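The values are calculated or read from the model by the stated rules, or taken from the named source; none is laboratory data. No experiment lies behind these values; they were computed from the predicted model shown. Here the Cβ is made from the backbone with ideal geometry for all residues, glycine too, and neighbour counts use every protein chain on show. For the accessible areas, the whole protein counts, side chains as well, though only heavy atoms, and no ligand, DNA or RNA atoms are used. Shrake-Rupley method; radii C 1.70, N 1.55, O 1.52, S 1.80 Å.
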Amino acid sequence: MGGRWLKANKAVFVRDLVRDYCKVCAALEDQRRRFNGDGTVSHAVLRDLLGESIRKGVFWRLKDTAHHLFRAAGCPEGEGVELWQYASCRLPDGVARQDAVEAALDWCVGYAFHECVKLKEDAFLQQHYANRYVGMTREVHGAEALLAPLEQLTAQTRESICREIRRILHVLGHGRLLLVRYLAAHADNRHLARLLYSESSLIRGVFGEAWPALLEALYHGDMARMHRLAARAFWEGGRPREGLAVLDAWAATHPLDDEDERLRLAMSASPLPPDGERDI
């Protein structure tokens, strides 16, 4: 992926990073609740979450997005951490070191992804082989003598699943705090503001107690700015009605300032902003 193209589209990649991170966290929290309830996780859900090289799931896309974002831009000599070169890929041209927060966030996403691959395989073992073992103990005459040495394996699979879920959610939980720090430099990202507005229930649920810190890091208490950015992102996407709805929702409880009023007037008069003001 070219560095110039990535730089031009960085705001979209940052939006995608946050969206997919929250989708992954929500899906894995659902699996944790399922495991706490009946001691199982869904192999099918994990398989779709991860995907495969020719049909990547949301977790795989998240890993790729993190790698593209956090390994493309270097930092001044003597700062950050040395960029880790994987066997399957070369270092980006002119990049030798990563920003420390970006490197840690990249590590968290990659670690959680590969831990989830292990979880998927254990889910398969539990769903198919552990259940088959139980069936054989009920059906085979003299099953105790034949199968007793294997019984401990089904219990060990369940223990592995428990450990893997804990590790994944622990790593992703720390990653949420790193995201708060990382996103502080992206307060002008209109795509991100639109996501926070449109998917606030998902993102608020995932960030939990860190949700106020996320908004503070981005907007420093100026929530009118978030709504203005989100409205403009809708407009730039050819959806002025949705943009006007954002401003109207904010105006229902807060007075609009002059900048908001000018934006509302411009959206009402034109389906798209002038060419020089669009994100192409």
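Give region 29-69 a look and list any residue that's among the aliphatic types (A, V, I, L, M), in a helix (DSSP H, G or I) and more than 21 Å from V12 (Cβ to Cβ), or say none.
Residues satisfying the conditions are A44, V45, L46, L49, L50.
Taking only pairs six or more apart or across chains, which ones have beta-carbon atoms under 7 Å, a first residue in region 20-32 that is in contact (Cβ under 8 Å) with a residue 24 or more places away in the chain and within 12 Å of W60 (Cα to Cα), and a second residue that is surrounded by fewer than 18 Cβ atoms within 10 Å (Cβ to Cβ) and not aliphatic (A, V, I, L, M)?
What qualifies is D20/R61.
Go through region 97-109 and give me each residue that's buried (at least 18 other Cβ atoms within 10 Å of the Cβ) and of a type outside the set (A, V, I, L, M, F, W, C).
Q98, D99, E102, D106
Would it be correct to say that L256 is under 20 Å from D188 (Cα atoms), open to solvent by less than 40 Å² (accessible area, probe 1.4 Å), over 24 Å from the mean Cα position of the chain (by Cα) and modelled with pLDDT under 90?
yes
Taking the condition of being hydrophobic (A, V, I, L, M, F, W, C) and closer than 20 Å to A249 by Cα, how many residues in region 197-217 meet it?
The number of residues fulfilling the criteria is 3.
How about region 134-204: which helices (runs of 4 or more DSSP H) wholly inside it have at least 1 residues that are open to solvent by less than 40 Å² (accessible area, probe 1.4 Å) and either touching a Lys or Arg at 6+ places or on another chain (Cβ under 9 Å) or among the charged types (D, E, K, R) (or both)?
Result: 151-183, 190-198.
Only one residue in I203, I165, I161 is at pLDDT 95 or above and touching a Cys at 6+ places or on another chain (Cβ under 8 Å), so which one is that?
Among I203, I165, I161, only I203 is at pLDDT 95 or above and touching a Cys at 6+ places or on another chain (Cβ under 8 Å).
Give the residue that is modelled with the lowest pLDDT, with candidates limited to residues of region 36-53 that are loosely packed, with under 14 Cβ neighbours inside 10 Å and within 19 Å of the chain's Cα centre (by Cα).
Per the criteria, the residue is S53.
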